[in-house]
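Coordinate-derived values only; no laboratory data. The structure displayed is predicted, hence computed values, not measured ones. So basically every Cβ, Gly included, is an ideal-geometry build from the backbone, and we count neighbours across all protein chains shown.
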Amino acid sequence: MTTPKATKYRIRRTSTPAPAKAPTAPPAAPSEPPAQVQPANSTEMPFTMPHDDGFGPGLFPTAQAPEPETTTAPDGLAAEVEAVRAEGLTGRQLRLARRLAQKNGIEASSDFEAVALLRRRGIDPFERGSILSVVRGAKEEKGSRALARVEKAAAVPQTTQPGQFSPGDYLSPDQSAREIIAIQRDIARRRRRKLTLLAVRLAFFVFLPTLIAGWYYFAVATPLYATKSEFVIQKADGMGGSGLGGLFSGTQLATAQDSITVQSYLQSRQAMLRLDEDQGFKAHFQEDRIDPLKRLPTNATNEEAFKLYRDMVQIGYDPSEGIVRMEVIAADPELSRSFSESLISYAEEQVDNLTQRLRGDQMQGARENYDDAEAKVFAAQAKVLHLQEQVGILDPVSETSSVMGQVSGFETQLQQKKLELGQLLDNPRPNEARVAGVRGEIQRLEQLIAELRAQLTTSTGPAGESLASVTGQLRLAEAELETRQMLLAAAAEQVESSRIEANKQVRYLEMGVSPIAPDEPTYPRAFENTLLAFLIFSGIYLMLSLTASILREQVAS
């Protein structure tokens with residue numbers, strides 16, 4: 001159905017009316033007013049139909065007929081311009097035609113005439129190639145920013161003056177409805193296409209990997225049993241620490257380094273090799289019942305086994321509480337418990353080895369001190385014996401006491417003889433024989449006392465040493481012997497203390513949670529792992545999409 005178009009007419013009035021003149025004869029009335037002319041293809045009354053003003057068909061004296069418009073267009077061009085005008089072209093199309101005409105050097109008085117002249121030269125102004133040529137020329141002349149401003153200005157409705165628009169600048173309601181429906185359908189089609197592409201990408205990058213992961217966890221993965229245990233490394237009492245060592249002796253800080261060392265040892269290749277040698281770790285995970293992702297190949301290397309060991313043996317240390325938590329995973333519950341007990345025994349041996357060198361050094365030092373003290377005691381005893389044998393005196397103190405006793409007795413007798421001599425001399429006529437005898441005894445006593453005293457200070461015996469010298473040497477040797485005996489006793493006590501400390505476990509494991517075999521599989525956690533896989537794949541897809549969008553925007557700008 002063709003939408004009828006109404007033709008618009010403009011009535012021009014002169015700026016200054018002509019003076020009134022008496023008509024000599026009434027003007028001939030036109031057969032039909034121009035305002036009532038309708039196009040041949042019109043089936044409805046025009047929207048601007050004039051109404052009767054009550055004065056009849058006659059003209060006022062001051063009214064003048066409009067002068068016909070003159071045009072300088074060549075023959076046939078006016079008809080082509082009218083045909084272009086009847087096409088109902090939009091303002092944007094007319095502007096593009098005018099720009100294309102200017103580019104090709106065509107001078108036109110109006111946009112419609114520009115369209116007609118372009119078509120005479122065989123150029124379609126609305127062809128895509130012609131429009132692109134205009135756009136490329138504008139870019140070459142003014143640059144990309146000028147073109148953006150031109151397109152923006154062309155897209156924005158422009159302000160116009162009355163009488164500036166042609167009849168083809170407006171769309172009928174039916175045409176507007178059809179255009180709107182076409183735009184809506186195009187938007188819906190693009191939206192459906194984008195949603196379809198998005199669904200395909202999500203299905204390929206997110207849902208399909210999640211479905212594969214869920215199928216593996218629910219249908220393929222081997223049930224695994226986890227045995228959990230907890231232990232703490234304690235320090236033996238009675239170590240006698242002082243200072244900072246005594247301050248932290250009762251806290252987990254005293255054994256933090258040992259706990260970390262034990263944790264590192266249990267997660268090492270050495271522990272894995274010992275466990276494989278004692279319990280057959282590799283052989284267990286090479287069985288056919290193990291799923292392909294967890295199963296070790298028949299000729300698995302130690303590195304492959306160690307990677308699996310790190311996954312199957314989880315060990316963590318809590319520094320705030322000082323507890324070492326261990327989780328051992330296996331396909332059999334009893335074997336899982338056996339693995340856990342073996343690793344705990346390895347940890348105990350490692351703890352013992354941490355202080356074994358210290359205990360060995362303590363015992364070695366105590367034993368060396370005791371041996372040295374014992375040797376020096378033997379040397380002191382040999383020196384005392386040598387002095388006694390050299391002088392011939394068993395006990396110089398007793399010998400000296402005996403000599404001094406004799407000297408004291410003789411001095412007493414000497415005093416008595418001197419008193420007796422004094423009494424004899426007090427007699428006026430003393431007996432000479434008795435006086436001479438007493439004097440002889442006094443001389444003999446003095447000589448004997450002098451000899452006895454000479455034994456204490458002069459050299460006597462086979463070695464030619466005096467008794468006082470021998471006594472001094474013996475006293476020094478005996479004092480040295482006594483000191484060495486005291487040191488020997490202290491060394492013996494230290495050896496005994498070191499032996500007691502060495503026999504005690506300076507570091508030992510205290511089990512908080514003993515390993516018990518579970519009766520239900522612990523892994524795999526199918527639902528949790530599937531949900532985690534979905535979140536991981538969704539995050540990866542989101543990051544890739546954002547990255548691609550940013551790169552696309554940077555390249556297009």
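Quick notes on this structure:
- The stretch between ILE212 and GLN184 holds 6.1 nm of extra length on full extension. This uses 0.36 nm per residue minus the Cα-Cα distance.
- Burial order of peptide ranges 365-372, 401-408 (average beta-carbon count within 10 Å, highest first): 365-372, 401-408
- Cross-link pairs exceeding 32 Å in C-alpha to C-alpha distance, out of LYS228/LYS282; LYS235/LYS282; LYS235/LYS294, comprise LYS235/LYS282; LYS235/LYS294.
- Proximal charge balance of ALA226 [Cβ under 14 Å; K/R count +1, D/E count -1]: -2
- Per-selection Rg to Rh, segment 79-128 - Cα, Kirkwood hydrodynamic radius: 0.91
- Label point distance in nm, ASN427-ALA548, each placed 7 Å from Cα along Cα→Cβ: 15.7
- Spin-label proximity, ARG475 to segment 403-429 - amide N less than 16 Å from point 7 Å beyond Cα toward beta carbon: 403-404
- When each of the peptides 115-126, 182-193, 207-218, 283-294 is scored by how many other beta carbons lie within 10 Å of its residues on average, the order from highest to lowest is 115-126, 207-218, 283-294, 182-193.
- The label-point distance for ASN299 and SER538, in a model that sets each label 7 Å from Cα toward Cβ, rounds to 4.6 nm.
- Between the beta carbons of GLU482 and ALA454, assuming R0 = 35 Å, the FRET efficiency works out to 0.65 to the nearest 0.05.
- Nonlocal amide H pairs with GLY512, under 5 Å, H built at 1.01 Å: GLU230, PHE231, VAL232
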